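Derivation of every value follows stated rules applied to the coordinates shown; laboratory data play no part. The shown structure was predicted, so the numbers you read here are calculated from the model rather than taken from an experiment. When we count neighbours, we look across all protein chains shown, and the Cβ atoms used for this are built from the backbone with ideal geometry, even at glycine.
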Amino acid sequence: NAGVTQTPKFRILKIGQSMTLQCTQDMNHNYMYWYRQDPGMGLKLIYYSVGAGITDKGEVPNGYNVSRSTTEDFPLRLELAAPSQTSVYFCASSYQGGEYVDTQYFGPGTRLTVL
Amino acid sequence: GDSVTQMEGPVTLSEEAFLTINCTYTATGYPSLFWYVQYPGEGLQLLLKATKADDKGSNKGFEATYRKETTSFHLEKGSVQVSDSAVYFCALSTPGKLIFGAGTRLAVHP
């Protein structure tokens, strides 16, 4: 049981390039999330998904896209990278059986630098 | 809307000192409350949680009690260690997602 895995661990992009951050969970969780964490700051929710085929915007969705074709995978796509997207990106998942979200499990993060 | 407010850091303590990190919340309904910890270079890990009023969550010597009357969930530890140096996040559950506080950095010196 690997939990939540993310790839790559580190990446440097040039302005205008695109990339996909991968996230996979093996806990059969229905909910998955993408956060960004800027240096010395808290977490900001980018997008989340309540199940395969369903996604919704979080607090800071501009410049990103997501898809959820399977329960396990929740990739985050950056189109036309900008220096403002330099950050550490965390994927998380949780199981929600009732109305409120339960414990979220986090991946180790992807450190992205846009130059 | 729902929100979480944490005391600002950094908090700097000597080893074996008593720790309190304040957390208050605003919420409708009956959320669960969480403390997460982030060690340098790592993702967030659940430290403890409480699911209803007056519940006490505890783990690794840390404790927090869900106080509905004061809308608080303060984190405490009786004797901190250097290895407790990390950033601590308070969070509450809402329909669909968790809401996190800004985080409090703790530095423990020998």
Beyond 27 Å (Cα-Cα) in this structure, taken from A:K9/B:K49; B:K52/B:K77; B:K52/B:K97; A:K9/B:K97, we find A:K9/B:K49
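Return A:Y95, A:Y48 ranked ascending by Cβ neighbour count within 10 Å, so the fewest neighbours appear first.
Arranged by neighbour count, lowest to highest, A:Y95, A:Y48 become A:Y95, A:Y48.
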Using alpha carbon centers only, segment B:45-78 is separated from segment A:28-103 by a whole-angstrom value of 26 Å
Sorted largest first, the Cα spans of segment B:1-102 on the principal axes come out in Å as 39, 28, 22
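Per residue of A:96-102, what is the mean number of Cβ atoms on other protein chains within 10 angstrom of that residue's Cβ?
Details: counts 4, 0, 2, 7, 12, 12, 6.
Average per residue, whole number: 6.
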Note: segment A:53-92, point scatterers on Cα, Debye, no solvent; log10 I/I(0) at q = 0.21, 0.22 Å⁻¹ equals -0.75, -0.82
In whole percent, the Cα-Cα distances of the protein assembly as shown spread across 10 Å bins from 0 upward as 8, 33, 34, 20, 5, 0
Taking every residue of B:50-62, the Cβ atoms of other protein chains inside 10 Å of its Cβ average out to 0
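Using only alpha-carbon positions, what ratio does the radius of gyration of segment A:15-115 give when scaled by 2.2 N^0.38 Å? Mind showing how you got there, number by number?
Working: Rg = 13.2 Å, N = 101, 2.2 N^0.38 = 12.7 Å.
Relative to the 2.2 N^0.38 Å estimate, segment A:15-115 comes out at 1.04.
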